[in-house]
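Have a look at the structure below before the remarks.
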Amino acid sequence: MLSKRIIPCLDVRDGKTTKGIRFQGNVEIGDPVEMARFYYEQGADEIVFYDITASSDRRDIMIDVVDRVAREIFIPFSVGGGIRTLEDMRRVLLAGAEKVSVNSAAVREPSIIREGARAFGSQCIVLGMDVKRVEPTREIPSGYEMVINGGRSCTGRDALAWALEAEALGAGEICLNSIDADGTRQGYELELTALISGRVGIPVIASGGAGCIEHLFEALTGGRADAVLVASIVHYGTCTIREIKERLHELGVKVRRTWD
C-alpha cells in the first residue's frame, strides 16, 4: 500500500501567501519561500504553489517565486495558476517544479493536457479542479459543476465527466477542490471526493475544508483520496505536519514519517 501524502498548499497573490474562505476575503499570511521551507522541514510530502490571480488577470505565473521556493525544498513541488501553453509548463519545470497544475486553461483548451503529457510525461501533469455543488441537470448529472478563473466563472461542465476526459487525455493526477468547503474548516466534501476517486484510475488529492486531523482521516478513508491538501490548519498553527502524521499513523493510515 502506498503511503498517503500530506501536502501543504500555498495560495500566492502579489508574491505573498494568502488565505480566504470559498475563494473570497483573502488575507496575507506570510512569505511563500519561508513557509515552503518550514513545511518541508516539518516533514511535508509535497508542496503545492498556486498563483491564484494569474489566470483571472491573464498574466504569467511569478516564475521568480517558483525558482526561490524550489531552491529551498527537496520534495516534489507542484505549481499552478496562469499555465496556458507548453512553454509555460517548460518554464515552470525548468525553474525547479516537478509538476504543473492546469485548471482554467485546460477547461478552455483540453488538448494542453495531451500535449503536456506527451512532452513531459503524465506524471508531471496535475489536473486542478475547482468544483461547486449544483442541482443535477442533464448537462451536469453528477450535481457538481466545474468553475474556473479562481472561482469566478461557471462553465456548465460536469465535474465527473471532465475528470474522466482529462484522465483519458493524459493527466497523471487530480487535485480536487470543493469551493463550497474551501477555507471553512468544516471538513472536506466527502461525497465529491469519493465520487471522483471511485471513478478515475489516477491519484486524487482532496482539497478544501480541513479543520482538524479527523477531517484528513475521513478524506483518506471514506473519501478514498490518495492525498490531502492542507492550508488553514497548518498556516494558523492548529497542528503541525508531524502532529498530523503521528495521529493518522495512530488511526491506522500509512504515512511517511521521516523521524522514525
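Every number here is computed from the coordinates shown, using simple stated rules; none is lab data. What you are looking at is a predicted structure, and each value in this text was computed from that prediction instead of being measured. Virtual Cβ from ideal backbone geometry, glycine too; neighbours counted across all protein chains shown.
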What dipole magnitude, in Debye to the nearest 20, does the range 96-179 give about its Cα centre under +1 on Lys/Arg Cβ and -1 on Asp/Glu Cβ? 120
Relative packing of 243-249, 176-182, which averages over residues the other C-beta atoms within 10 Å, highest first: 176-182, 243-249
Once exposed loop chymotrypsin sites (Phe, Trp or Tyr not before Pro) are cut out (DSSP; at most 10 other Cβ, 10 Å), longest piece of the chain: 75-258
5 Å binning of all Cα-Cα separations within the chain, expressed as whole percents from 0 upward: 1, 6, 15, 19, 22, 18, 12, 5, 1, 0, 0
So, R0 is 35 Å and r is the distance between the beta-carbons of R152 and H249; what FRET efficiency does that work out to, to 0.05? 0.35
Please list, in order along the range 230-235, the HN-Hα scalar couplings obtained from phi with the Karplus expression 6.51 cos²θ - 1.76 cosθ + 1.60 (θ = phi - 60°), rounded to whole Hz, x for Gly and Pro. 10, 9, 3, 5, 9, 4
Which residues' amide hydrogens lie under 5 Å from the amide hydrogen of E173, considering only partners 5 or more residues apart or on another chain, with H built in the peptide plane? L127
First select every other residue whose beta carbon is under 15 angstrom from the beta carbon of G201; then total the charges, Lys and Arg +1, Asp and Glu -1. -2
Using helices alone, what [θ] at 222 nm do you get for the chain, with -39,500 (n - 2.57) per DSSP H run of 4 or more residues, divided over all residues and rounded to the nearest 500? -9000 deg cm²/dmol
Enumerate the amide H contacts of T18 below 5 Å, restricted to partners 5 or more residues apart or on another chain; note that Pro and chain-start residues carry no placed amide H. D11, V12, R13, I29
Highest GNM mean-square fluctuation, the chain, Cα pairs closer than 10 Å: which of G209, G116, G30? G30
Treat each spin label as a single point 7 Å out from the Cα along the C-beta direction, and report the L164 to T240 distance in nm. 4.5
For F49, the residues 5 or more places away or on another chain with a placed amide H closer than 5 Å to its own amide H are L10, S78, V79, G80
Against the globular-protein guess of 2.2 N^0.38 Å, express the Cα radius of gyration of the range 116-158 as a ratio, rounded to two decimals. 1.45
Total Lys pairs in the chain closer than 24 Å by alpha-carbon, pairs eight or more apart in sequence or interchain only? 10
Set the Förster radius R0 to 22 Å, insert the Cβ-Cβ distance between T137 and R114 as r into 1/(1 + (r/R0)^6), and round the FRET efficiency to 0.05. 0.20
